[in-house]
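I have placed the structure first, in the form of structure tokens, so that the comments after it can refer back to it.
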Amino acid sequence: MKPDIPAIAVENLTARYGERTILEGVTCAVRPGEVFLIIGGSGCGKSTLLKHMIGLYTPAAGRVCVHGVDLSTLDEEALHGMRKGMGVLFQSGALIGSMTLFENVALPLSEHTRLPDETIARIVRMKLALVDLAGYEDLYPAELSGGMKKRAGLARAMALDPKILFFDEPSSGLDPVSSAELEATITRINTGTGTTMVIVSHDLDLIFHIAHRVVLLDSETRGIIAEGDPHQLRETSRDRRVIRFLNRTIEG
Amino acid sequence: MNRRVPDPHPPDTSGRPSRRLSLQRDTAGTGGLRLSVSGPLDRDAFTDFLAEWQALLPDIDAGRPERIAVDLAPVSTADSAGALLLMQMETDLKQRAIAVDFLHASGDIEAMFALLREQSARTHAGPVRTDGGNLLVRVGDAGVRAHQEFVVLMTFFGEMIAALADACRHPRSVRWGDVLVSVQRAGLEGLPIVGLISFLLGLIIAFMSSLQLKPLGAGVYVAALVGISVVKELGPIMTAIVVAGRSGSAFAAEIGTMKVNEEVDALVIMGFDPMKFIALPKILAAVIVLPLLTLYADLFAILGGLVVGVLGLDMTAQTYIHQTLQGILVTDISTSLLKAVVFAVLIAGISCQRGFLVTGAAEAVGRQTTSAVVSSLFLVIIADSAFAIALHYIR
């Protein structure tokens, strides 16, 4: 991977649901190896931007390039190939309810690799240990707490050692301790493996603790209103909306 | 602090609404009026209060004051309905160009009144919902929507047929474990209800027809009547209805919930085709189960008829079975099995498709589950009619 090619480049992206425009003319780039946060208030299109980045939605206009490849030029098969290099942690974990934790984490491995079962089992146990869930292999998702589901989802997202990991609201619905644990896990994986992280969040703790760079979306302009290091933004930004969001104030 | 304060306004026991508003000339001599408000200013008092206020308006008009002082000192409690009343008074007086001062309001009432007044004054240009428009627009919209839904449905059935063809070419790629689970749920666990319904159905047909045929001495034909009607028509249809209600709804609800939980998105991201991963096993299970259930239903219906034949028509079991077998042709059984396969594909297909249509939350799961069952029944009866016509011309 060449360092000058961004891991993800979003160019002039416009997103619509039916006739409602969610995002308009959004341009941003995620550098390889960084922890990149998409932040903003509820309903400003954060998750929509994320789902465009992973190719679940097709842009109404503009394009999304992953490792320099325009997603819209790929056919279904090539898109599948591209997605093998991505892991996604959905808001609720999105574990398959009819499968045990072990089967959930093993799922991408048994589908996309020709590894023997014994090796797959060892990888699964390794990934589960990485998110502090060793020993929980035989439980079903319904038997887990919200935080455990998220961590299990993370283990599954990392099963194929993706180059980019996406997180949709990782700290939502978690108590402060679980949230801090997840933060620590994310940082550990990022520094340990150099995996690029793209995280959607409005949790200020998470933003200031782990983000290398953020983009702030705004529902009124339907686009990015600030970009950069969150600490620096808080110090230097003159934009009322940015100050309000990052300082959690109503009057700015 | 549990001092009991004597209630300044004891409940009115006379049954007559107590007066809450009283109007006096202002003693300060400013040419204004003084209105004193008393009692609780809350939800329970709202209607009486409003009526009293409106009755008072002509008096106020007659007095033509420049300003009115509203004395709130005797008000014991107030809630948002009370604040609304005060706002109503304010608006009414403003329309008459009369200034109003609220006096002696307790801190609580004043704070709440101020908050509600301020918040109500805020007007947001919220999202505008355009619902329908005139009849022509709505009909046009419905037409466009129906067309879009039809395209989505046909695309789904196209993909489904491709997936089925692919499954035939590469049977090892099918998730047979999931197929077995669905076979168990849709088939094995459905045996009691299918058996019961079919048995009673056969019994009823035999009983009703025996009442007609026995006086003519044609009771022996009851066996063939039950056999033919059940094998050709009622067996496949009844089984399809039960499977649509039991399993079609289950398929739609399961897939819909997976959609809500983002499990479907997660599968797509992991490189799985949701059609092959989730829908195909269910469709295959239905295709396996429905013909077997249909045969089972046929047997139980004939058994029901046999009970009537033996007990009510004095036939021996052997005669009844012999008569039944004489009535049914092998082609009847094979076409009924073919029907069952077609019904299975339709029921499982439309139910899975409805499941994938779920967007949003729990409410959508319920709506699409209902739609799955209704559409299944609709498609089954349409297909059955098509079979009836086609078979008539083939013979």
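Below, the figures for the structure above:
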quantity	calculated
Total residues in the range A:155-172, condition surrounded by fewer than 23 Cβ atoms within 10 Å (Cβ to Cβ) and among the acidic types (Asp, Glu)	2
Pair list, Cβ under 8 Å, 6 or more apart: the range B:231-252 residue closer than 15 Å to residue B:337 by Cα and open to solvent by 10 Å² or more (accessible area, probe 1.4 Å), other residue in a helix (DSSP H, G or I) and among the polar types (S, T, N, Q)	B:232/B:335; B:232/B:336; B:238/B:198
Residue count, the range A:142-165 (criterion: outside any loop (DSSP other than H, G, I, E, B), farther than 25 Å from residue A:114 by Cα and in contact with a Leu (Cβ under 8 Å, 6 or more places away or on another chain))	6
Tally, over the range A:131-149, of residues that are within 12 Å of chain B (Cβ to nearest Cβ) and either within 13 Å of the chain's Cα centre (by Cα) or open to solvent by 60 Å² or more (accessible area, probe 1.4 Å) (or both)	2
Test result for residue B:68, modelled with pLDDT of 80 or more and part of a strand (DSSP E or B)	yes
Sole exception among (1) within 20 Å of residue A:90 (Cβ to Cβ); (2) assigned to a helix (DSSP H, G or I); (3) modelled with pLDDT under 90 for residue A:78, by number	(1)
Residue B:278 being in contact with a strand residue (DSSP E or B) (Cβ under 7 Å, 6 or more places away or on another chain) and within 14 Å of chain A (Cβ to nearest Cβ)	no
Which listed residue is under 30 Å from residue B:56 (Cβ atoms), open to solvent by less than 30 Å² (accessible area, probe 1.4 Å) and at pLDDT 85 or above, from B:85, B:93	B:93
The one condition in (1) more than 20 Å from the chain's Cα centre (by Cα); (2) within 13 Å of another protein chain (Cβ to nearest Cβ); (3) buried (at least 22 other Cβ atoms within 10 Å of the Cβ) that residue A:101 fails to fulfil	(2)
Flag for residue A:115 being within 22 Å of residue B:174 (Cα to Cα), away from every other protein chain (no Cβ under 11 Å) and part of a loop (DSSP other than H, G, I, E, B)	yes
Sole exception among (1) away from every other protein chain (no Cβ under 14 Å); (2) open to solvent by 60 Å² or more (accessible area, probe 1.4 Å); (3) touching a Leu at 6+ places or on another chain (Cβ under 9 Å) for residue B:196, by number	(3)
Leading residue by the ranking (farthest from residue A:141 (Cα to Cα)) among those in the range A:74-89 that are surrounded by fewer than 22 Cβ atoms within 10 Å (Cβ to Cβ) and facing chain B (nearest Cβ under 7 Å)	A:80
Residue B:43 basic (Lys, Arg) and either within 18 Å of residue B:115 (Cα to Cα) or assigned to a loop (DSSP other than H, G, I, E, B) (or both)	yes
Helices (runs of 4 or more DSSP H) (entirely within the range B:273-391) containing at least 1 residues that are of a type in the set (D, E, K, R) and assigned by TED's automatic domain parsing to the domain that holds residue B:243	B:280-312, B:330-357
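For (1) within 14 Å of chain A (Cβ to nearest Cβ); (2) acidic (Asp, Glu), each residue gets a yes or a no:
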| residue | (1), (2) |
| --- | --- |
| B:225 | no, no |
| B:242 | no, no |
| B:257 | yes, no |
| B:265 | yes, yes |
| B:273 | yes, yes |
| B:283 | no, no |
| B:300 | no, no |
| B:304 | no, no |
| B:315 | no, no |
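The values are calculated or read from the model by the stated rules, or taken from the named source; none is laboratory data. Just so we're clear, the structure is a prediction, and the values are computed from it rather than from any experiment. For neighbour counting, all protein chains shown are included, and Cβ atoms are generated from backbone atoms with ideal geometry for every residue, glycine included. Keep in mind that these areas ignore ligands, DNA and RNA; they rest on the heavy atoms of the full protein, side chains included. Shrake-Rupley method; radii C 1.70, N 1.55, O 1.52, S 1.80 Å.
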